């Protein structure tokens, strides 16, 4: 009877810990997405300001504000790729194909 209680108690502790870990990971992800959107809003506001300043100072004869937009835009792109877990080169499909390839390779080496 006491062993059943201990096992049930440990299982509940493990489940509670798993739930807490999931919660913390979800909270971190929400914070990262929130930070990305904040950066995106700041990007739009600041680049619009620079564009207006550029137009005010010399019209559109030289659009220097685009250099700032380009640099910041690249950083924003990589932040979005990280936050939204977008990786076209080493994504989930690539992982699965590589694992299958290595498993097949190991199987073929057993027979040699």
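Give the range 87-108 a look and list any residue that's at pLDDT below 75 and either more than 23 Å from residue 77 (Cβ to Cβ) or assigned to a loop (DSSP other than H, G, I, E, B) (or both), or say none. Steps first, answer last, please.
Step one: filter the range 87-108 for residues at pLDDT below 75, giving 88-92.
Selection gives 88, 89, 90, 91.
Where residues in the range 78-99 are loosely packed, with under 11 Cβ neighbours inside 10 Å and under 14 Å from the mean Cα position of the chain (by Cα), which of them is nearest to residue 37 (Cα to Cα)?
Looking at residues that are loosely packed, with under 11 Cβ neighbours inside 10 Å and under 14 Å from the mean Cα position of the chain (by Cα), I get 78.
Between a first residue in the range 11-32 that is at negative phi and a second residue that is in a helix (DSSP H, G or I) and at pLDDT 85 or above, which pairs have beta carbons less than 7 Å apart while being 6 or more apart in sequence or on different chains?
As it stands, the answer is 32/83, since those pairs meet every condition given.
Go through (1) at pLDDT below 95; (2) in a helix (DSSP H, G or I) one by one and return the number of the condition residue 68 breaks.
Condition not satisfied by residue 68: (1).
The values are calculated or read from the model by the stated rules, or taken from the named source; none is laboratory data. No experiment lies behind these values; they were computed from the predicted model shown. Here the Cβ is made from the backbone with ideal geometry for all residues, glycine too, and neighbour counts use every protein chain on show.
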